[in-house]
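Okay, so here's the structure we're looking at.
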Amino acid sequence: MPLGITLSPLTAHPMDLKVGIGKTGLAMAILIAFAMCLLNLLFNPVSIPHIQYGFCLPSPDSWGFDPFWSWCINTLLIGIIALLLFLVNKTYNFLRTTEPAYIAIFLIMAASGPWFTSELNTSVLLCLANVVCLGIMFDTYASHNATQEVFIIGLVAGLGSMVQYAFLPMAVVYAIWILFMKVMRIKEAFAYAAGLFCPYWIALGTGWVRLSDFHFPSIIPLFSFSQDPSEFFILLSCIAVAAVVGCLVTFLNFLKLYAGNSRVNAMNLCVSFLGAFSLICILIDFDNMPAYVITLYMTCAIQLGNLCALWNPSRPWMVTLWPSLLYIAAFVCSLVL
């Protein structure tokens, strides 16, 4: 295999991995990611136009935060996503490893682009919602009554779509997750539909929004955001790397997961479907493409973490090093070009 990784089947317990990045490597990744976010704010901020992507409420970039506080909130949310990923895996063990490679890779990828670190943006909020919903969904596997959980997941999708229509395609993903977790029954289907419509019903009933506030989301060509073509080349290159690496590693992982525990398979299938659907949305909904990118990065990082757990590479730290170097290089290019 490339990148100095020799793949060999696990012959012992999947937790018995060789030395990875450990806590020291994770701490370094956290510091590097924070430095990248700060440098993007100071030297390479990307101001996102105030476009109304929601159906009835202002989009996150129009919430009126001071630029510095908007950056602080966004940076904090990226850290919260990483923490939630760790907690979800610690609770459900869907990666079968305690090695924090996937956390380190995600932080570096998410911090590499000024599009996603300069201010509060939909891409980070959508990724946060997806992690929260993953955690809720994993808890429902083969449950006899999952109406409350699927209602909450539908509520997240419905509420998010009020401010950004990118949450609406995720409603399809969440519905498929319910099937993967073997809890799709009539009462769960009604609960999910109720969750989707509940935010709109409450908003209209309380007068928070009026019928006149509803509108089709505004969409402008993505390339009109900036006059610098190098920004788009770097962004598209980063997305292409995440897409190609994510697809290849997902395929490798499923060679191992196919005959494994059905619960673990279902959880990993949820992650893989989320990544695949995010990539499809990027290709189809190109003018709103940035909204799905951080979610794509997250699923790619999870798959790379799974690579270490399932295939036991001879140098697992390389799985973290090479993607991190690529995205740090992209960050440097975005600063100097």
- Item | the chain - charge dipole about Cα centre, Lys and Arg +1 at Cβ, Asp and Glu -1, debye rounded to 20 | 1000
- Cα-based Rg and Dmax for segment 98-207, in Å, come out at 15.8, 49
- Query: Efficiency by 1/(1 + (r/R0)^6): what FRET value for V332 and A27, r their Cβ-Cβ distance, R0 = 25 Å, to the nearest 0.05?
  - Reply: 0.70
- Note on the structure: Each label sits 7 Å from Cα toward the beta-carbon; between L168 and L204 the label points are separated, in nm, by 1.5
- Task: Check the straight Cα-Cα distances from K23 and name the aspartates and glutamates below 14 Å, setting aside those fewer than 8 residues away within the same chain.
- Result: E99
- Message: Could you derive backbone 3J(HN,Hα) for segment 164-172 from the dihedral phi with the Karplus parameters 6.51, -1.76 and 1.60 (θ = phi - 60°), listing whole Hz in sequence and x where the residue is Gly or Pro?
- Response: 7, 5, 4, 5, 5, x, 5, 4, 5
- Task: Provide, for q = 0.08, 0.12, 0.13 Å⁻¹, the log10 of I(q)/I(0) from a solvent-free Debye sum over equal Cα point scatterers in the chain.
- Result: -0.37, -0.85, -0.99
- Using a 1.4 Å probe and ignoring any ligands, DNA or RNA, find the accessible area of L38 and quote it in Å² to the nearest 10. 60
- Message: Which one, W311, F106, Y292, projects farthest toward the positive side of the charge dipole computed for the chain from Cβ point charges (K/R +1, D/E -1)?
- Response: W311
- Per-selection metrics, segment 14-143 (Cα): Rg and Dmax in Å: 16.6, 51
- With each pseudo-label sitting 7 Å past Cα toward Cβ, what's the F86-L179 distance in nm, one decimal? 3.6
- Query: If you take the charge dipole of the chain about its Cα centre, with +1 on Lys and Arg Cβ and -1 on Asp and Glu Cβ, which of Y165, W71, G195 is farthest toward its positive end?
  - Reply: G195
- To the nearest 0.05, the calculated FRET efficiency linking F68 and A259 through their beta-carbon distance, R0 being 56 Å, is 0.60
- Item | Sparse-neighbour loop sites [chymotrypsin sites (Phe, Trp or Tyr not before Pro); segment 256-290; at most 14 other C-beta within 10 Å; DSSP] | Y258
- Message: Charges on Cβ only, +1 for Lys and Arg, -1 for Asp and Glu, centred on the Cα centroid of segment 103-253; of F151, A243, T117, which one is farthest towards the dipole's positive end?
- Response: F151
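The values are calculated or read from the model by the stated rules, or taken from the named source; none is laboratory data. What you are looking at is a predicted structure, and each value in this text was computed from that prediction instead of being measured. Cβ atoms come from the backbone with ideal geometry, glycine included; neighbour counts cover every protein chain shown. With ligands, DNA and RNA removed, areas are computed over all heavy atoms of the protein, side chains included. Shrake-Rupley method; radii C 1.70, N 1.55, O 1.52, S 1.80 Å.
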